[in-house]
1. Pairs only if they're at least six apart or on different chains, beta carbon under 9 angstrom, first in segment 28-43 and without any contact (Cβ under 8 Å) to a residue 60 or more places away in the chain, second in a loop (DSSP other than H, G, I, E, B) and surrounded by fewer than 13 Cβ atoms within 10 Å (Cβ to Cβ); list them, first residue then second.
2. Condition first: within 18 Å of GLY73 (Cα to Cα), free of Cβ contacts under 8 Å to residues at least 40 places away in the same chain and not polar (S, T, N, Q). Now tell me which residues in segment 4-20 satisfy that.
3. Scanning for something surrounded by 12 or more Cβ atoms within 10 Å (Cβ to Cβ) and among the acidic types (Asp, Glu), does segment 31-42 turn up at least one residue?
4. Against the condition of a type in the set (Gly, Ala, Ser), surrounded by 11 or more Cβ atoms within 10 Å (Cβ to Cβ), more than 20 Å from ASP102 (Cβ to Cβ) and out of contact with any Cys (no Cβ under 9 Å at 6 or more places or on another chain), how does ALA2 come out, does it pass?
5. From the list SER97, SER18, which one is surrounded by fewer than 16 Cβ atoms within 10 Å (Cβ to Cβ) and hydroxyl-bearing (Ser, Thr, Tyr)?
6. Test of understanding: among GLU52, GLU41, GLU8, which residue is within 14 Å of HIS94 (Cα to Cα) and not β-branched (Val, Ile, Thr)?
7. Scan segment 83-93 and tell me whether some residue there is at pLDDT below 95 and in a loop (DSSP other than H, G, I, E, B).
8. More than 21 Å from ALA2 (Cβ to Cβ) and modelled with pLDDT of 95 or more: which single residue out of PHE44, PHE67, PHE32 fits that description?
Amino acid sequence: MANPTYDEFTLMLDQAVSRIPEYYCRGLNGGFNVQRQQKREDDFYIMGEYVEDEHLGCFIVFYYGSFAALLKGDNLELWEDEIMDTVLHEMQHHLESLAGRDDLARSEIAELEKILRRGCC
C-alpha cells in the first residue's frame with residue numbers, strides 16, 4: 001500500500017487533534033505543526049516532539065517523513081494508530097510541563113538506558 005501523501009497525513013493529524021478538548025491545549029500557544037522531513041536520533045525516528053521555547057512558546061511538531069519511513073507500506077489504520085499514539089505522547093509532555101512534572105521524560109531515559117545497555121557487552 002502506498003503511503004498517505006503529506007496532505008492526507010495532515011488531514012488525519014487534524015482529525016486526531018480536533019478531538020482534544022480545548023482545556024488540555026491551554027498554554028500550547030504555538031499549536032500543532034507538521035514538518036515534511038524526517039527526524040532521527042541515531043537509529044530512532046522522532047515522530048513528534050514537544051517544544052518549549054523562551055521566544056516561540058510551547059508547541060508540538062510532527063514529522064511526516066518519520067511516519068513515512070517507519071510506516072512505509074502499512075495500511076491507513078496503522079497510520080491512524082501511530083498518529084494518535086504520537087499525539088497522546090506529546091500531549092502528555094505538555095500536560096506534565098504545565099504540572100511541573102517530568103515523569104514521561106524520566107521513563108524515556110530509563111527506556112533509552114535499557115536499549116543502550118542491551119547494545120553493548
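1. Taking only residues 6 or more apart or on different chains, the pairs are ASN29/LEU56; GLY30/LEU56.
2. Correct list: ASP7, GLU8.
3. The answer is no; no qualifying residue exists.
4. no
5. Details: SER97 fails: surrounded by fewer than 16 Cβ atoms within 10 Å (Cβ to Cβ).
So the residue among SER97, SER18 that is surrounded by fewer than 16 Cβ atoms within 10 Å (Cβ to Cβ) and hydroxyl-bearing (Ser, Thr, Tyr) is SER18.
6. The conditions single out GLU52.
7. No, segment 83-93 has no match at all.
8. From the options PHE44, PHE67, PHE32, the qualifying one is PHE32.
The values are calculated or read from the model by the stated rules, or taken from the named source; none is laboratory data. From a predicted model like this one, the values you see are computed outputs, not experimental measurements. So basically every Cβ, Gly included, is an ideal-geometry build from the backbone, and we count neighbours across all protein chains shown.
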